[in-house]
Each structure stands twice: as C-alpha cells, then as structure tokens.
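Student: Starting off with a structure, shown below.
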Amino acid sequence: MLSNNAFFSGVEAASLVRVLPAFRVATFPPHALLYGRGRPAHELFLILRGSVAVVQRTGHVRTTIAVLGPGEFTGERALLLPATLHPWSAVCCEETVVAVAEGVALLGALTALPALGVNVARGLHRRVLDATFAIDALIAGR
C-alpha cells in the first residue's frame, strides 16, 4: 500500500527497504485532529485514503487552507531542525488512513534517497502555486 504511493515515485524498490520501516499506518475517524496549531511538529503524515483539511482558526472564523487527499502529505515542518511549531491544524474530513513517520527518522531517509526529497519539493511547490492562485482570485474578486 505504501510503496505504490506517489510520495515514493522515482525511488527504487530496493531503496524503499530503508524508508518504509519509518512509517506506521493508522486510521483516524472523521474530525480527528492530526496536529494542532501551536503544537510541536514531530510527525509527517502521508495520506493513503480519505482526506485531511489544513485549517486556520482566527477567533470564531475557520478558514480551510487546503484539502489534501491520497498521495499527498502534511506535517512537513517535522523535517525542520530544530523542531518547530505547527502554524495550522490538520483535521480529517472523513475516515482517513495515513502513514505516520517521525520527522527525524524520515529526514535521514530523505538525505539518503534524493528522489524522496524531490517528491517533497514537488508537493510543496504545488501548494505554493495553489496558494498563489487563491490569493490572485481573492484580489480579483474585490
């Protein structure tokens, strides 16, 4: 299930043996909190099935920043050293199956397997583009 995920695209099967043990699979019910704003970022979540909303709450206003589905990931701040805090929260939209890895363990795999680093960069770049389009649409709507 994990090895067929887009997150591992371009990584040779023989190399996956070094990274797959870093992940454990967990199932979360709808509305479960994967991580909360202001909490330390220690884990990266690879979405296998279901969806996760990355949300920002300001007062009583909840803004969905992104909805991520299978093959996408969240919690990438766990790859930063020293440990940082989450700027947003991640909430399961439905029953969601994720592969969870400690950031420190995964960081070692990323340095040993450059294709994984490229996949992380590709995912983050796509999110920046999505945010840019959303900002442009917001400004155009004024």
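The values are calculated or read from the model by the stated rules, or taken from the named source; none is laboratory data. No experiment lies behind these values; they were computed from the predicted model shown. Cβ sites come from the backbone with ideal geometry, for glycine too, and all protein chains shown count toward neighbours. With ligands, DNA and RNA removed, areas are computed over all heavy atoms of the protein, side chains included. Shrake-Rupley method; radii C 1.70, N 1.55, O 1.52, S 1.80 Å.
Student: Taking all protein chains together and a probe of 1.4 Å, list 86, 60, 42 from the most accessible to the least accessible.
Tutor: 60, 42, 86
Student: On to the next question. What angle, in degrees between 0 and 90 and rounded to the nearest 10, separates the Cα long axis of helix 103-112 from the longest principal axis of the Cα atoms of the chain?
Tutor: It is inclined by approximately 60 degrees.
Student: To continue, here is another question. Once the piece of chain linking residue 67 and residue 121 is laid out straight, how much longer is it, given 0.36 nm per residue of separation minus the C-alpha distance between them?
Tutor: Extra length available between residue 67 and residue 121 comes to 17.6 nm.
Student: Related question: Which percent of the accessible area of the chain is formed by carbon and sulfur heavy atoms (probe 1.4 angstrom)?
Tutor: Within the chain, the accessible surface is 62 percent carbon and sulfur.
Student: May I pose another question? List the residues of the stretch 42-56 whose backbone N lies under 17 Å from a point placed 7 Å from the Cα of residue 16 along the Cα-to-Cβ direction.
Tutor: 46-49
Student: In nanometres, what is the gap between the two model label sites at residue 27 and residue 9, each 7 Å from Cα along Cα-to-Cβ?
Tutor: Each label point is offset 7 Å from its Cα along the Cβ direction, giving 2.8 nm.
Student: While we're looking at this one, here's another question. Based solely on its DSSP helices, what 222 nm [θ] is calculated for the chain when runs of n ≥ 4 H residues each add -39,500 (n - 2.57) and the sum is averaged over all residues, nearest 500 deg cm²/dmol?
Tutor: -10000 deg cm²/dmol
Student: Which distance in nm do the two modelled labels at residue 112 and residue 56 give, with both placed 7 Å along the Cα-to-Cβ direction?
Tutor: With each label point 7 Å from Cα toward Cβ, the separation is 3.7 nm.
Student: What does the charge dipole of the chain about its Cα centre add up to, to the nearest 20 debye, if the Cβ of each Lys and Arg holds +1 and the Cβ of each Asp and Glu holds -1?
Tutor: 300 debye
Student: Follow-up. Can you tell me the 0 to 90 degree angle between the C-alpha axis of helix 114-140 and the longest principal axis of the chain, rounded to 10?
Tutor: Taking Cα atoms only, the helix is inclined about 10 degrees.
Student: Sorting 52, 17 by accessible area (1.4 Å probe), largest first, what list results?
Tutor: Of 52, 17, the descending order of accessible area is 17, 52.
Student: Over the stretch 1-75, with a single point scatterer placed on each C-alpha, what log10 of the ratio I(q)/I(0) does the Debye formula yield at q = 0.14, 0.22 1/Å?
Tutor: -0.54, -1.10
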